[in-house]
Amino acid sequence: MGKLARKVAIIGAGMCKFGRNFPLKRNPDMWVEAWIDAVNKVDNGIEPKDVDACYVGNYSSDLFNHQGHLGPQMADLVGLTPKPASRFEGACASSGIALRQAIIAVASGIHDIIAVSGVECMTQLPTTGVTDTLATASDDLFEYPAGATFPGLYAAIASAHFHKYGTTAEDLMRVGIKNHENGKENPFAQMQQSISEIMASKVKSYEKQGRDVPVWKNEFDFLKSSANPMIASPLRLFDCSLVTDGAACVFIAAGDIAKKYTDTPIWITGTGQGSAALSLHDRDEITSFIATREAAKQAYQMSGLGPKDIQIAEVHDCFTIAEILAQEDLGFYEKGKAVEAIKNGETHRNGSLPINTSGGLKSKGHPVGATGAAMAVEIFKQMRGIAERNRQVKFDVERALTHNLGGSGGTCVVTIYQK
Amino acid sequence: MSEVKDITIQSYLEFIASKKLMGSKCKKCNEMYVPPRKLCIKCNSIDMEWIEMSGKGKIAAFSCIGVGTTFMEKKGYSMKKPYCFSVIKLDEGPMVSGQLVGVDETKPETIKIETPVKVKFLETEIKGEDPRIDLGFEPV
């Protein structure tokens, strides 16, 4: 399996504030903000003339915004034309793929520095339009007529995981509670509130409306109540990631050049990508993603590291059950054992393996095509020790991993970072 | 004997419309596929034949969905009236997706994985659209 032909590093990374930004901000606005934020993170500065190409990850601007051909559009906005500009699509793994392709192109010697862009503006469409657009990443011919939605597919995966390993709805809730606690500490997150703060604000709004004020004993009590409706059993509203507009930017540079821009490049030592049949029914296993296992195997092999070496990770928690599967498929925990680790606080930001310190897709938000690049932004911040507010982990991060999943597991990109 | 249909998605859908659940079987390695494949991904053979499934299987995964697809909303399902999406492992081996009926969708805890089911072709008539038949299942 492949090796990087020359060293590759991240020299700067940034993002815009995630949220329901439309119509105040559209893709071009958000991308320019992300670019400026990333430029500001390059210690010795960077100019468009230093950048050789623009790789854009975007899932479905065609359907969300009636705009295709994003490569040159994004390149032009930051002064990169007439250099090569391309768009990459792999559902929610789109900018993970753009990042990986940039790594490969820089390692090959074709380019020295590439600006990786992740953009998605989802809220331009009403909710039904968003649901239908997302559904095009699943199997339209055989899953759609059976009633499959994205939450429904992950819910079916959860049902099988519950049956096989005894996982419970409370185990899922712990993932959401943890990620909201992290998102609260991220000024770029869409929902900067813990679950208990959300409960308090709900009580306040009920009081204001003169409605009966509910009494919830604790977070679990709230999450099991009608205030958290069942979307697709066993997944409730707070098991689902958010509909978000956002953009992120990552500068990838060749090893010998990186030192010109910063004394502390974040090295990329492993990249892997895997695939699987679009339909759950066409796979051998429902409770494990083969695309994740394949991508992880490649990335670990390339870096010479194993799951035990990883100190922090950003994983694709599009639904709470997905974070559990990722922990298992990445080899952090044995199958069926991840929930115990969550219960013990191991994946909390002060635990032994902090996962999704950014707040994850659950709380930071999930502008699908921007998610992979935004994961790299969080890892960049954590490894540099510049994560905002109170979410910086308390130890020096030398080895980290991102896991970016597309659709219901049809695509996966895993990246490994070292200092 | 009638003409043997080419192994295509359209042929499979036409079989469903005539209430037959058909798959393809590799003549070389005996692997079976539903929906059918024209190319065996186990042994690379293209020597495939149609085979009718018994329609019997077990629930492998399911979810009772309240926020559904546009198609299911048109069929009258809603947050108050969820439907059940399921993945069924057929007795012959392959898995397929289908709506599961004859269960209490408002009480997902009463639906159990590995429950035996049999095929039920679901006829749908939506005003202004052609009537259609989709693959579904119900408990035995």
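What follows draws every value from the coordinates through simple rules; no lab data is involved. Given the structure is predicted, the values throughout are model-derived calculations rather than measurements. Glycine gets a Cβ as well: all are built from the backbone with ideal geometry, and neighbour counts include every protein chain shown.
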### Task
Per residue of B:88-96, count partner chain C-beta atoms within 10 Å of its C-beta, then hand back the mean as an integer.
2
### Task
Have a look at A:Gln192, A:Gln209, A:Gln311 and tell me which one the Gaussian network model of chain A (Cα, springs below 10 Å) gives the largest fluctuation.
A:Gln209
### Query
Which value at 222 nm does chain A reach when only helices count, each DSSP H run of 4 or more adding -39,500 (n - 2.57), with the total divided by all residues and rounded to the nearest 500 deg cm²/dmol?
-11000 deg cm²/dmol
### Summary
Taking Cα pairs closer than 8 Å and at least 6 residues apart, the relative contact order of the stretch B:1-129 in percent is 20
### Query
Using a Gaussian network for chain A with springs between C-alpha atoms less than 10 Å apart, which of these wobbles most: A:Tyr59, A:Tyr206, A:Tyr300?
A:Tyr206
### Query
What is the helix-to-structure angle for A:371-384, meaning the angle in degrees between its Cα long axis and the longest Cα principal axis of chain A, kept from 0 to 90 and rounded to the nearest 10?
70
### Summary
When A:Thr402, A:Thr81 are ranked with the fewest other C-beta atoms within 10 Å first, the list becomes A:Thr81, A:Thr402
### Message
Shape verdict for the stretch A:317-365, please, from the Cα gyration tensor: rounded (a/c under 1.5), prolate (a/b greater than b/c) or oblate.
### Response
oblate
#### Entry: Rounded, prolate or oblate (a/c below 1.5 giving rounded, otherwise prolate when a/b exceeds b/c) for the stretch A:92-219 by Cα gyration tensor
prolate
### With Cα atoms, 0 to 90° folded angle of helix A:320-329 axis to chain A main axis
60
### Message
Two decimals, Cα atoms only, Kirkwood Rh: what is Rg/Rh over the protein assembly as shown?
### Response
0.98
### Query
Counting Lys and Arg as +1 and Asp and Glu as -1, each charge on the Cβ, what is the dipole of the stretch A:69-205 about the Cα centre in debye, to the nearest 20?
300
### Task
Lys and Arg at +1, Asp and Glu at -1: add these up for the other residues within a Cβ distance under 12 Å of B:Glu114 and post the number.
+4
### Task
With an 8 Å cut-off on Cα pairs and a minimum separation of 6 or more residues, tell me the relative contact order of the stretch A:105-249 in percent.
35
### Query
If the cut-off is a Cα-Cα distance under 18 Å, which aspartates and glutamates reach B:Lys27, setting aside same-chain residues fewer than 8 apart in sequence?
B:Asp6, B:Asp47, B:Glu49, B:Glu52, B:Glu92
### Task
Could you pull out the pairs from A:Lys204/A:Lys337; A:Lys335/B:Lys42; A:Lys208/B:Lys74; A:Lys362/B:Lys38; A:Lys364/B:Lys75 whose alpha carbons sit more than 31 Å apart here?
A:Lys204/A:Lys337; A:Lys208/B:Lys74; A:Lys362/B:Lys38; A:Lys364/B:Lys75
### Message
Based only on other Cβ atoms within 10 Å, what is the fewest-to-most ordering of B:Ser54, B:Ser86?
### Response
B:Ser54, B:Ser86
### Query
So how strong a dipole does the protein assembly as shown carry about its Cα centre when Lys and Arg Cβ are +1 and Asp and Glu Cβ are -1, to the nearest 20 debye?
700
### Query
Which lysines have a Cα lying under 29 Å from the Cα of A:Lys7, excluding residues fewer than 8 positions away in the same chain?
A:Lys41, A:Lys49, A:Lys83, A:Lys259, A:Lys260, A:Lys297, A:Lys308, A:Lys381, A:Lys394, A:Lys419
#### Entry: Cα-projected label distance for B:Ile133 with B:Ser11, points at 7 Å along beta-carbon direction, nm
1.8
### Message
Compute a Gaussian network model of chain B, connecting alpha carbons closer than 10 Å, and tell me which residue from B:Phe71, B:Phe121, B:Phe62 fluctuates the most.
### Response
B:Phe71
### Task
Would you work out which of B:Gly23, A:Val243, A:His348 lies farthest towards the positive end of the dipole of the protein assembly as shown? Charges go on Cβ: Lys and Arg +1, Asp and Glu -1.
A:His348
### Task
State log₁₀ I(q)/I(0) for the stretch A:268-330 at q = 0.28, 0.30 Å⁻¹ as given by the Debye formula over alpha-carbon point scatterers of equal weight, solvent excluded.
-1.31, -1.38
### Query
Does the stretch A:1-149 classify as rounded, prolate or oblate by the C-alpha gyration tensor (a ≥ b ≥ c root eigenvalues; a/c under 1.5 gives rounded; else a/b over b/c gives prolate, otherwise oblate)?
oblate
### Query
Any idea how far the Cα center of the stretch A:173-190 sits from the one of the stretch A:1-78, in Å?
24
### Message
Need one value for B:97-103: mean number of C-beta atoms belonging to other chains within 10 Å of its residues' C-beta atoms.
### Response
4
### Task
Could you tell me the distance between the Cα centroids of the stretch A:389-406 and the stretch A:244-283, to the nearest Å?
14
### Task
Determine the relative contact order of chain A: mean sequence separation of Cα pairs under 8 Å and six or more apart, normalised by residue count, in whole percent.
27
### Query
Ranked from highest to lowest mean number of other Cβ atoms within 10 Å per residue, what is the order of the peptides A:353-362, A:167-176?
A:353-362, A:167-176
### Query
Most exposed first by the Cβ proxy, i.e. fewest other Cβ within 10 Å, how do A:His316, A:His66 rank?
A:His66, A:His316
### Query
So which GluC sites (Glu not before Pro) in the stretch B:39-140 end up in coil per DSSP with only 13 or fewer other C-beta atoms within 10 Å?
B:Glu114, B:Glu125, B:Glu129
